[in-house]
1. Within segment 253-311, take every residue that is assigned to a helix (DSSP H, G or I) and under 30 Å from residue 97 (Cβ atoms) and give me the one that is farthest from the chain's Cα centre (by Cα).
2. Name the single residue, out of those in segment 299-314 being at pLDDT below 95 and in contact with a helix residue (DSSP H, G or I) (Cβ under 7 Å, 6 or more places away or on another chain), that is most open to solvent (accessible area, probe 1.4 Å).
3. Give the residue, chosen from 189, 169, that is modelled with pLDDT of 95 or more, open to solvent by 20 Å² or more (accessible area, probe 1.4 Å), closer than 24 Å to residue 113 by Cβ and of a type outside the set (Gly, Ala, Ser).
4. Please work out if residue 67 is open to solvent by 30 Å² or more (accessible area, probe 1.4 Å) and within 16 Å of the chain's Cα centre (by Cα).
5. Which residue out of 83, 63 is within 10 Å of ligand 1 (Cβ to nearest atom) and among the aliphatic types (A, V, I, L, M)?
6. Counting only residues that are open to solvent by less than 40 Å² (accessible area, probe 1.4 Å) and away from ligand 2 (no atom under 16 Å from the Cβ), how many does segment 41-64 have?
7. Would you mind finding the one in 21, 37 that is under 19 Å from the mean Cα position of the chain (by Cα), assigned to a helix (DSSP H, G or I) and more than 10 Å from ligand 1 (Cβ to nearest atom)?
8. Within segment 88-102, track down each residue that is away from ligand 2 (no atom under 16 Å from the Cβ), in a helix (DSSP H, G or I) and not hydroxyl-bearing (Ser, Thr, Tyr).
Amino acid sequence: MEIEPAEEVKEPPRIHRLDESVVNRIAAGEVIQRPVSAVKELVENSLDASSTSISVLVKDGGLKLIQVSDDGHGIRYEDLPILCERHTTSKLSKYEDLQSIKSMGFRGEALASMTYVGHVTVTTITRGQLHGYRVSYRDGVMENEPKACAAVKGTQIVIENLFYNMIARRKTLQNSADDYTKIVDLLSRFAIHHIDVSFSCRKHGAARADVHSVATPSRLNAIRSVYGLLVAQNLIKIEASDNDPSSSVFEMDGFISNSNYVAKKTTMVLFINDRLVECTALKRALEVVYVATLPKASKPFIYMSITLPPEHVDVNVHPTKREVSLLNQEVIVEKMQSVVESVLRNSNESRTFQEQVIVVLSVM
Ligand code: ADP
Ligand code: MG
């Protein structure tokens, strides 16, 4: 009988600590997944800084350059050394603050992340100062002492060579469709919600801006200037609220497209407590209503702003803060469905009625 050779015993591999720079780069790549995520973080910072004007300039889909300039409150000179360290923020100090957070940032991770995957330069001036400061960052720290420089009100942040040290990410992004369209889409969404702020978004070298909104008291005006007349003239105003703590507490207002609006795909612009988010369940539910009520206009344009008690929203579920989880989500989705359905039915009936009137008149 042959003796089987003894099975080679494998030694368990040694476990070791990753270099901090590797850990930080991996984490950064999760927060900043693509150029448009960097733009979102920067614009949200500008909004948090009470800016009234925000302009974005993009080169090479954001891989070469992203520049966001605002006229907000600026950053103190003393804070510049820790500005881009991980978990440094002016917006949160205790865990409990998360429950009532009104600002869009809170993790203090965005700027830090950008310095681990790109080259960041900040120029900023605070009120009452005669000059501003400019400083560049790498891997969370200042590359040099801040230099005094001329500056207009607010802050300008420039990210160059995004993902220069993440070869695979850079390659997939270069091959995939340009992020510039995503950036334009993002700015369009911000522009129709924050109507007291003017936004612009321009490709480097282009004479015209692709998003150009001016502050206006009318949401419909903002929608017209960003999405065009064809969208704006086919919208119906929508409002709803509930104040029954046993089912749901919310306020909603928005605009939804009518039966004349025909598009290839749905546009759903959703803000929950002023935060731009996605909610696939709500989007699908509303599409279902359109298919059933207005089959020919079944790809709607929807802008909705929902306000909920802050303690009903968990903003902390996703590193990019794109998805939030809501208390009573199903109840809320159902309520929105029934509001949209009744508004669409009413508008459909009044339209047929109007058409009938016109027919009668023309016969006479
Ligand atoms: P977070 O927004 O979560 O606090 P960030 O890394 O995005 O974290 O920003 C860190 C801090 O830098 C902010 O808390 C804010 O104080 C300051 N900051 C960033 N961008 C701006 C800006 N455009 N204007 C003024 N302050 C800013
Ligand atoms: Mg932020």
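The values are calculated or read from the model by the stated rules, or taken from the named source; none is laboratory data. Given the structure is predicted, the values throughout are model-derived calculations rather than measurements. Note that each Cβ is placed from the backbone with ideal geometry, even for glycine, and that neighbours are counted across all protein chains shown. Ligands, DNA and RNA are excluded from the accessible area calculation, which covers all protein heavy atoms including side chains. Shrake-Rupley method; radii C 1.70, N 1.55, O 1.52, S 1.80 Å.
1. By that ranking, first place goes to 311.
2. Among those residues, the one meeting the criterion is 311.
3. Values: 169 fails: modelled with pLDDT of 95 or more.
Step by step, each of 189, 169 is checked, and only 189 is modelled with pLDDT of 95 or more, open to solvent by 20 Å² or more (accessible area, probe 1.4 Å), closer than 24 Å to residue 113 by Cβ and of a type outside the set (Gly, Ala, Ser).
4. Details: open to solvent by 30 Å² or more (accessible area, probe 1.4 Å): yes; within 16 Å of the chain's Cα centre (by Cα): no.
No.
5. On the way: 63 fails: within 10 Å of ligand 1 (Cβ to nearest atom).
Being within 10 Å of ligand 1 (Cβ to nearest atom) and among the aliphatic types (A, V, I, L, M) holds for just one of 83, 63, which is 83.
6. 5
7. On the way: 21 fails: under 19 Å from the mean Cα position of the chain (by Cα).
After applying the criteria, what remains is 37.
8. Step one: of segment 88-102, the residues away from ligand 2 (no atom under 16 Å from the Cβ) are 94-96, 99-100.
After this cut, where a residue has to be in a helix (DSSP H, G or I) as well, the list is 95-96, 99-100.
Listed by number, the residues that qualify are 96, 99.
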